[in-house]
Amino acid sequence: MKKITVAVVGNPNVGKTTLLNAVAGTSLKVGNWPGVTVEKKEALVKFGDYEIYLVDLPGIYTLEPISEDEKIAIDFLKNEKVDVILNILDATNLERSLLLTAELLPFKKPTLLVLNLLDEAEKLGIEVSEEKLSELLRVKVVKTVASKGIGTKEVLPAIIETYEKKLIPFVGKEVPKELSEDQKFAIAHGIYEEVVKKKKHVERDLTDLIDYIVLHPVLGVFIFVAIIFLLFKIAFDFSSPFVDWIEGFFKDFLIPAVISVLSFFNAPEIVSRFFAEAVVGGVGFVLTFIPLIFVLYFLITFLEMSGYVPRVAFLFDKYLHKFGLHGKGVIPLILALGCNVPAIVATKTLESWKEKLLVIAMIPFISCPARLVVFSFFALVFFPEYPALVITGLYLFGILVAFLTALILKKTALKGSISHFLIELPPYRFPSLRTVLNISWIHVKDFIYRAGTLIFVASIFIWVLLNFPPGVSSPKDSFAGKIGEALVPIFKPMGIDDWQATTSIIPAFLAREIVLSSMGVIYSAEGNLQKKSTENFQFLEAIKEQGKGLALAVKSAFTSLFSLSLQTFEVEEGEESLRSLIKQSFDKASALAFMVFILIYTSCLGTYATMGREIGYKLATLFLAYSFFLAWALGTITYNLFK
């Protein structure tokens with residue numbers, strides 16, 4: 001079977017991703033280009049006697065090497081064996097698209113032109129003659145409305161025809177290896193004048209009207225806050241019941257079931273618990289990330305493809321310049337309030353390495369709901385008179401540390417001028433839900449394959465620390481307990497001199513909300529750690545309960561959308577016994593220092609794994625060490641100020 005390598009080229013916002021999704025479907029994969037954090041989409045599609053390898057090059061306006069995006073495109077076109085260039089054109093702004101087409105001429109590669117966004121062009125009174133365009137450039141032209149699937153089935157046959165017939169663009173004369181700016185413009189403008197006709201525009205353009213409100217310097221900020229509130233509300237309230245159900249499914253059904261089966265075969269208790277709690281439980285822990293990450297990706301992709309995200313970047317650009325950032329950096333920072341993992345992934349939209357590194361370095365200091373669980377518990381226990389004030393202060397302190405970190409990096413390791421900020425404000429569109437769902441699932445799969453594997457391995461490692469050596473009857477005698485005792489001198493300056501408190505920090509690295517559950521085990525355990533009774537386990541009864549639980553989760557997810565409050569943030573105070581036990585290990589000053597440490601220290605293993613994937617594990621580990629030292633220093637200062 002012959003293989004055709006196709007480079008997909010086009011300006012930003014011309015519908016490349018939507019077209020690729022329509023052509024490739026679930027075979028579309030997301031990753032990074034080697035050595036950089038620019039997102040790479042690719043797909044291998046079998047059609048007829050061919051394997052068509054589609055590589056989506058970054059959206060660019062020019063092939064001049066201004067940013068990483070252009071460099072990647074040039075390197076790929078020059079150094080890789082490209083059989084066909086799939087050049088996607090914006091029918092609403094054809095002259096600008098044709099400027100890039102003109103720059104592709106010197107490569108002398110078989111080229112297929114795809115005229116996309118024809119429905120929007122018609123609304124604007126623009127008519128494009130694909131026959132004339134095909135005649136002028138002597139290549140095949142396909143008309144599409146990718147968001148509706150119109151014309152997309154013609155793309156793969158056209159790629160094969162372009163490859164077999166070697167349809168290389170020709171403009172009537174030999175094209176030099178390098179075109180001057182005047183030559184590029186002359187080619188683009190000449191073709192544009194020949195193929196485009198404009199009618200009188202009678203339909204009112206809603207984009208300008210909406211932008212008048214959305215981009216208002218004051219009103220636009222309030223609208224942004226309202227949209228972000230809705231994003232968080234839908235993401236957390238909708239996904240939370242499914243997260244709880246997944247946790248319950250593994251804890252109350254799958255883990256006891258595995259232990260029962262292994263016990264039936266007389267497997268040693270430690271072996272049964274290892275497979276049930278560490279292996280099966282580790283898989284369950286990874287899966288608890290999926291509902292939230294999927295819903296967040298869905299909403300972010302929807303906003304991005306609707307045309308709103310570029311406007312947010314424009315709105316906040318002037319405020320972030322002082323920190324060496326552009327307006328695009330505000331989206332990942334806001335998302336960090338919901339979850340640091342998708343926030344770090346969202347930095348792919350930033351053009352330069354410097355800006356990505358700055359934003360990624362800021363994200364872990366911005367508190368997420370997992371830390372809110374810990375803050376709420378400790379604030380209610382030690383500061384019952386003003387818990388809201390304490391929690392608000394911690395959130396604001398985290399944001400302050402984030403921006404101070406950015407300033408330090410800007411003045412030291414990441415010195416230099418801000419790169420040029422060029423952003424297009426596309427018309428508002430209603431994205432194809434099928435496309436949004438597919439892209440969201442592609443990102444979730446990528447998270448499972450990359451970050452999920454590390455989280456799974458680490459969760460097994462931490463289980464071993466908590467349960468070994470075999471036969472351990474108290475957390476103090478486990479490997480984790482020994483490490484906790486060794487950590488006491490390090491945390492003593494923060495007022496934490498209890499091995500139970502320091503030991504609870506070890507499993508907390510998996511996820512911050514585990515702090516309380518690990519404290520519950522460590523403070524109150526007298527028998528085996530996390531020992532679960534599997535006596536009287538009834539498989540059919542248990543599976544019926546899980547079915548009821550899933551139905552309740554679905555009902556809760558949808559009914560939560562009709563409540564104005566953020567139900568996910570309604571945190572329980574915790575068990576009275578745990579509260580009284582923890583009061584014996586902390587006072588107000590050490591409790592506040594502990595919360596500061598939890599706030600500043602890199603939020604969780606998922607964050608570290610995602611940082612490693614985006615910027616490399618060397619830098620991620622360096623940042624982990626920096627955050628630990630900073631958390632310890634600020635915790636120590638906090639304790640000494642308030643003791």
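The values are calculated or read from the model by the stated rules, or taken from the named source; none is laboratory data. All values reported here derive from a predicted model rather than from experimental measurement. Every residue, glycine among them, receives a Cβ derived from its backbone with ideal geometry; neighbour counts consider all protein chains shown. SASA here: full protein model, heavy atoms, side chains in, ligands and nucleic acids out. Shrake-Rupley method; radii C 1.70, N 1.55, O 1.52, S 1.80 Å.
Do we find a residue being closer than 30 Å to PHE316 by Cβ, assigned to a helix (DSSP H, G or I) and out of contact with any strand residue (DSSP E or B) (no Cβ under 7 Å at 6 or more places or on another chain) anywhere in the range 185-200? No; the residues of the range 185-200 include none that is closer than 30 Å to PHE316 by Cβ, assigned to a helix (DSSP H, G or I) and out of contact with any strand residue (DSSP E or B) (no Cβ under 7 Å at 6 or more places or on another chain). Here MET305 clears all of (1) touching a residue at least 40 places away in the same chain (Cβ under 8 Å); (2) part of a helix (DSSP H, G or I); (3) open to solvent by less than 10 Å² (accessible area, probe 1.4 Å); (4) not hydroxyl-bearing (Ser, Thr, Tyr) except the condition numbered (3). Within the range 486-509, restricting attention to residues that are over 19 Å from CYS604 (Cβ atoms) and of a type in the set (Val, Ile, Thr), the residue that is surrounded by the most Cβ atoms within 10 Å (Cβ to Cβ) is ILE496. For the range 466-479, a residue qualifies if it is in contact with a helix residue (DSSP H, G or I) (Cβ under 6 Å, 6 or more places away or on another chain) and modelled with pLDDT of 80 or more, and the qualifying residues are PHE468, SER478, PHE479. Scanning the range 184-208 for residues that are surrounded by 10 or more Cβ atoms within 10 Å (Cβ to Cβ) and either of a type in the set (Val, Ile, Thr) or modelled with pLDDT under 85 (or both) yields a total of 10.
The single condition from (1) over 29 Å from LEU425 (Cβ atoms); (2) assigned to a helix (DSSP H, G or I); (3) acidic (Asp, Glu) that GLU120 fails is (1). Taking residues in the range 113-125 that are over 15 Å from TYR192 (Cβ atoms), and partners anywhere that are acidic (Asp, Glu), the pairs with Cβ atoms closer than 8 Å and at least 6 places apart or on different chains are ASN116/ASP90; LEU117/ASP90; LYS123/GLU203; GLY125/GLU203. Within the range 602-623, the only residue that satisfies the criterion of being open to solvent by 30 Å² or more (accessible area, probe 1.4 Å) and within 28 Å of VAL390 (Cβ to Cβ) is TYR608. Pairing residues of the range 344-366 that are under 26 Å from VAL596 (Cα atoms) and at pLDDT 90 or above with residues that are among the aromatic types (Phe, Trp, Tyr) and assigned to a loop (DSSP other than H, G, I, E, B), at Cβ distances under 9 Å and at least 6 apart in sequence or on separate chains, gives PRO364/TYR601.
Out of curiosity, is GLY520 modelled with pLDDT under 85 and crowded, with 17+ Cβ neighbours inside 10 Å? Criteria met by GLY520.
If you go through the range 362-406 and keep only what is more than 25 Å from LEU605 (Cα to Cα), aliphatic (A, V, I, L, M) and either open to solvent by less than 60 Å² (accessible area, probe 1.4 Å) or outside any helix (DSSP H, G or I) (or both), you end up with LEU380, VAL381, VAL390. Across the range 308-333, the qualifying residues are those that are in contact with a helix residue (DSSP H, G or I) (Cβ under 7 Å, 6 or more places away or on another chain) and not in a helix (DSSP H, G or I), and the one among them that is nearest to ILE210 (Cα to Cα) is HIS326. Return a yes/no flag: does the range 154-173 have any residue that is buried (at least 22 other Cβ atoms within 10 Å of the Cβ), touching a Phe, Trp or Tyr at 6+ places or on another chain (Cβ under 9 Å) and over 26 Å from THR435 (Cα atoms). No, the conditions are met nowhere in the range 154-173. Of all the criteria given as (1) modelled with pLDDT under 80; (2) of a type in the set (A, V, I, L, M); (3) within 21 Å of LYS328 (Cβ to Cβ); (4) part of a helix (DSSP H, G or I), the one not satisfied by LEU454 is (3).
Pairs are defined by a Cβ separation below 7 Å, a sequence spacing of at least 6 or placement on different chains, a first member in the range 231-260 that is in contact (Cβ under 8 Å) with a residue 60 or more places away in the chain, and a second member that is outside any helix (DSSP H, G or I) and of a type in the set (S, T, N, Q); the pairs so defined are PRO256/THR534; ILE259/THR534; SER260/THR534. Condition check: at pLDDT 90 or above, in contact with a helix residue (DSSP H, G or I) (Cβ under 6 Å, 6 or more places away or on another chain), of a type in the set (Phe, Trp, Tyr) and under 24 Å from LYS492 (Cα atoms). Does TYR639 satisfy that? Yes; evaluated as a whole, the condition is true for this residue.
Hey, can you tell me all the residues within the range 124-153 that are open to solvent by 20 Å² or more (accessible area, probe 1.4 Å), within 21 Å of TYR50 (Cβ to Cβ) and assigned to a helix (DSSP H, G or I)? Across the range 124-153, the qualifying residue is only LYS153.
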